[in-house]
Structure formats: structure tokens, C-alpha cells
Amino acid sequence: MKILLVYPIFPETYWSFRHALSFVGKKAAFPPLGLLTVSAMLPKTWERRLVDMNVDSLTRKDIEWADMVFLSAMIVQKQSLDQVVKQCKELGKPVVVGGPFVSTSSDLVPEADHIFVGEAETTLPEFIKDLEDGNPKRIYQAAVRPSLELTPLPDFDLIDINRYTSMNVQFSRGCPFSCEFCDIIEIYGRSPRTKSSEQMLAEMEALRAAGWRGTVFIVDDNFIGNKREVRKFLPELIKWSDRHKSPFSFLTEASVNLAEDDALLELMRQAGFHRVFLGIETPVAESLKEANKSQNTKRDLLESVKKIQSYGMEVMAGFIVGFDNDPADIFEQQIKFIRESAIPLAMVGLLTALPDTQLWKRLEREGRLVHESSGNNTDCSLNFVPKMDREYLVESYKAILREIYSPLEFYQRALDCLSRVKTDTLKWRNVNAASVIGVLRSFTKITLRLGVRDHERIRFWKYLYRILRDYPDRLGNGIALAAMGYHFRKVTEVYCAE
């Protein structure tokens, strides 16, 4: 059996970092971890190839080679997914689809031959047996959420690691909270399940043996959802990293209550975590209560951010406007919070109702749903009727984007971030000739683009001067932030075009 695994195109969004990737000669931020894991579940006698359409083109020859095509996608990849499914069916190839999109919207891929709803650790072996018996079903859905001890080591050898800026691994699935707008708890549940420390270190070792050095993204939607298991894992990760001269730095996502746990913050600092994404959402308490995000109402959010930054971790964060309880000045409040928190990578989105979420169900009951979500909460589209005037909401949202991603605002936040986040990047970075050449090449590209060709070049030179004067030991971090700020600005120009 020949299996072609295909990852559809991820469109240009704030999350794609496409404009920043060009500076470092990479094609995508992360490889398709789900498909790499699915590949490892297939019989060893089956041949397998992977085409990540974000780094390579999918050709007719690729599809003709295969006996069956496996796809995985998020909602935002729906358009590309539909095109690939159609192309495969025209060539007479059976199509198997899984991933977050079909897990909540299986009816929206009618041409797929087989659909996997939810996690595949128990259902994929069932499908393989049914296939061998000649009677595979169309839809597979696990009766219970599987233990992650069943999850195999991903087939990292299917990708060219040099085409990505980061590698990714997964430690846990699920989140103990119940935010109304979130689909993670609907797909993965509210009881976080984790891999063992042995599994995680085996994945780290596989990446190290493959030659990877640099950032590893632990993709959990809430890394600290199961604190007990995290506390078991981190000391083992620290020992492994020390033994191998710290080949990786780490980034992850976590809930804001991370700020309450100094012991855990210290373990993350020692392990080499340099960035964490927080779901802050809004500084308005009534909107947090509306969203059932009670964990954010129990603490001072600004002080929480500062606390995490004090442990050497740069904070990324998600923000949302469009809640029913948002006041008229929510837009100014969001800008003020983002500015005072020194969060350069602030992802502000319009509230969106994702399928099967509690928000979706409530708005459906209220007759306020308009259409399916695009899966991109930053493209200025709304799929529900807001309480606030729709035009005012969208235009004011655009004003936030223009403000926070303007060079003046962004560079100042980046400088404020550098002043708060003290990191020892040389602790984890294995320096060799190739990495030095790569850094110099990227630095040259960024400087030419932002310091010579860009109409905002004066602000870049002032920013660079401030870094060299005040934070010379964090020059690399500062330049990387400038590259990401440029990406945000370019995407904003598209979304907010007059």
C-alpha cells in the first residue's frame, strides 16, 4: 500500500509569519505534526510520502503514485483542502481526512471517502483492519479519548527539517477550563492527558539526532493543564538538555495562572523556555465572565504578564474584541493593555463562533449565527450578529491593528520587552559555522529590507541604535522581533486596506 500524506496550504495570516520567513530562508514555521504522527501509526510495510504544500507543490505525479491519500487540516485550510480532495477524486484516488476541521465539521467534506472525527490512536488501527477485510467505514470516531501512551514517535524523517523555522512536539491534549469560544475542549476534552517523560525525551532525541538545533514548539493548547505531570516532565527535560549541551529552546502555550506558580516558572526557565503564548483575551472583567474565562478574572493580568517576563520568557498573547459585554472604549483599552504589557507579538482577533463550541450553540439558540467561520479571526470577517454596531466594531478593530502594528508602536513594545525579558540565549544555542553564516545572512536581509528599502527605515535605524546601546546582548532577539513586526504590518496592510 502506498500512502501519500498531504498537508494543505495555510493561507497568509498573522500566524503564518510568511513575510518574516523570507528573511531566514525558510518555507514554513512548523511541520505538520499530526500527519507525521499518523504516518507512524501505519503498518511498517506500507510505503509513505509526505507533501507539505506550504513548502512544496503537490503534483499530479505525487497523487498518481499513491494508492490512498491522507489529509489533515484546520478550518483555515478548508479552501486548499477542498481543492486537494477534488484533485484526488478526479484521479480516482481514495481520500482519508482527519484533523481539527473535520472533527467539528465532518459534513463539510462530502467528497472524502473516509473521515476521522477526533483523535486517531484507536480508530486508525480499526480502519486498517477494516481496510484489510474489505469493508472500511466512512466515519470513524473513538468511543473514548485515547491515552497518549498509545501515541507513537512521529516520523520526522519524512520532512526536510531545514525548511522550517521550528520543530514541534506535543506533550498533552485537553484543557481543564471551559472558555465559551474555544473548540479545544470540545475536541480533546477537559481532562488533560499527557505523554510520559520517556516518550517526550525520545522525541527530543529523534530531533537532536536528525541534526535539529534551535526552537522546539510544544504545541499543547495549555501546557500546564496538568501541572502534576508537567512537574514530573520538566526536571527530566532539564537533565536531558544539560546532558546534550542544551540543543533546543522551547516555546509553548499556557493559561495565565502560570504566573502564580514560581516553582513551575523556574523549572521552565531552567529548561530553556523562551516564549509562552497566553490567552489574555480582554482586560474587561464582564467580557471575561461572559466568555466563561473565570481563570483570568482572579488575577491582575498586567502583573501576571510581568511576572512571566521576569523569568526570561517573552509573552505572546491572544486578544479578542466583539464580546456582548464589550464597552464602547474596548478598542482603546486593548491598545493600552498591549502597550503597557510590552507584548510585541500581540494577536488581536474578532470574536468568532467555531463549530460545536458553547458560543456557537448559544448564538444559534439566539438566532445570531450568520455563516460558518473562516477559521481566521483576524481577516475582519464576522460570522455572527454582534451586540455592537457591526460596521463600528469592524472598523474599530482595524484601527487596533493599524495602531499596534505600526512601526512606532511595535518597535517601542519590542524595546520594552527586551528591557523586561532577560534571557541567556547562548545557553541553548549550539554555535557552529553554518549557524553563524545563517544568522549573518538573515541579519543582512532584514537590514536591507527594513533599513534601506522600507519607507519606515528611519524608525528601524532608531530601533537598532537603541538595541545596540541598551541591549547589545539581545541583538538577535531584537532583530527577530523586527522581522515579525514587518510581517504583521504587511498582513495588516492587506486586511485593513481602505
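Would you mind stating whether F217 is assigned to a strand (DSSP E or B), in contact with a strand residue (DSSP E or B) (Cβ under 8 Å, 6 or more places away or on another chain), within 28 Å of T104 (Cβ to Cβ) and of a type in the set (A, V, I, L, M, F, W, C)? Give the derivation first.
Numbers: assigned to a strand (DSSP E or B): yes; in contact with a strand residue (DSSP E or B) (Cβ under 8 Å, 6 or more places away or on another chain): yes; within 28 Å of T104 (Cβ to Cβ): yes; of a type in the set (A, V, I, L, M, F, W, C): yes.
Judged against the criteria, F217 is a match.
Would you be able to say whether some residue in the stretch 171-190 is of a type in the set (G, A, S), farther than 19 Å from E236 by Cβ, in contact with a helix residue (DSSP H, G or I) (Cβ under 8 Å, 6 or more places away or on another chain) and free of Cβ contacts under 8 Å to residues at least 60 places away in the same chain? Taking every residue of the stretch 171-190 in turn, at least one turns out to be of a type in the set (G, A, S), farther than 19 Å from E236 by Cβ, in contact with a helix residue (DSSP H, G or I) (Cβ under 8 Å, 6 or more places away or on another chain) and free of Cβ contacts under 8 Å to residues at least 60 places away in the same chain.
Restricting attention to the stretch 346-403, the residues that are surrounded by 18 or more Cβ atoms within 10 Å (Cβ to Cβ), of a type in the set (D, E) and more than 20 Å from A73 (Cβ to Cβ) add up to 1. One residue stands out in the stretch 248-265 among those that are farther than 14 Å from N168 by Cα and touching a Phe, Trp or Tyr at 6+ places or on another chain (Cβ under 7 Å): the one that is surrounded by the most Cβ atoms within 10 Å (Cβ to Cβ), namely A254. Across the stretch 66-75, not a single residue is classified as of a type in the set (D, E, K, R), touching a strand residue (DSSP E or B) at 6+ places or on another chain (Cβ under 9 Å), part of a loop (DSSP other than H, G, I, E, B) and within 30 Å of C496 (Cβ to Cβ).
Of everything in the stretch 22-41 that is assigned to a helix (DSSP H, G or I), aliphatic (A, V, I, L, M) and in contact with a strand residue (DSSP E or B) (Cβ under 7 Å, 6 or more places away or on another chain), the residue that is farthest from G214 (Cα to Cα) is V38. Note on the stretch 87-145: enclosed strands (runs of 3 or more DSSP E) holding 2 or more residues that are assigned by TED's automatic domain parsing to the domain that holds T59 and touching a helix residue (DSSP H, G or I) at 6+ places or on another chain (Cβ under 6 Å) are 114-117.
You will find that of C175, C179, the residue that is under 21 Å from N226 (Cβ atoms), assigned to a loop (DSSP other than H, G, I, E, B), in contact with a Pro (Cβ under 9 Å, 6 or more places away or on another chain) and at pLDDT 95 or above is C175 and no other. Scanning the stretch 316-345 for residues that are in contact with a Pro (Cβ under 9 Å, 6 or more places away or on another chain), among the β-branched types (V, I, T) and surrounded by fewer than 20 Cβ atoms within 10 Å (Cβ to Cβ) yields no hits at all.
With respect to S72, is the statement that it is modelled with pLDDT under 95, within 19 Å of I187 (Cβ to Cβ) and surrounded by 15 or more Cβ atoms within 10 Å (Cβ to Cβ) true?
Judged against the criteria, S72 is not a match.
Every listed requirement among (1) crowded, with 19+ Cβ neighbours inside 10 Å; (2) at pLDDT below 95; (3) hydroxyl-bearing (S, T, Y) is met by Y7 save one, (2). I need the full set of residues from the stretch 267-325 which are of a type in the set (S, T, Y), in contact with a Phe, Trp or Tyr (Cβ under 8 Å, 6 or more places away or on another chain) and under 29 Å from N168 (Cα atoms), in order please. The one that is of a type in the set (S, T, Y), in contact with a Phe, Trp or Tyr (Cβ under 8 Å, 6 or more places away or on another chain) and under 29 Å from N168 (Cα atoms): T282. Among the residues of the stretch 237-247, the ones that are outside any loop (DSSP other than H, G, I, E, B) and crowded, with 16+ Cβ neighbours inside 10 Å come to 4 in all. In the condition set (1) free of Cβ contacts under 8 Å to residues at least 60 places away in the same chain; (2) within 17 Å of I9 (Cβ to Cβ), V84 is compliant with all but (1). Does D220 satisfy being under 30 Å from V55 (Cα atoms), modelled with pLDDT under 95 and either under 22 Å from the mean Cα position of the chain (by Cα) or surrounded by fewer than 21 Cβ atoms within 10 Å (Cβ to Cβ) (or both)? In short, no.
Results for (1) of a type in the set (D, E); (2) within 24 Å of L264 (Cα to Cα); (3) in contact with a Gly (Cβ under 9 Å, 6 or more places away or on another chain), shown as yes or no for each residue.
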position	(1), (2), (3)
S304	no, yes, no
Q309	no, yes, no
G322	no, no, yes
N325	no, no, no
I335	no, no, no
E364	yes, no, no
R368	no, no, no
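The values are calculated or read from the model by the stated rules, or taken from the named source; none is laboratory data. Everything quoted here is computed from the prediction, not taken from an experiment. Here Cβ is always computed from backbone atoms with ideal geometry, including for glycine, and neighbour counts include all displayed protein chains.
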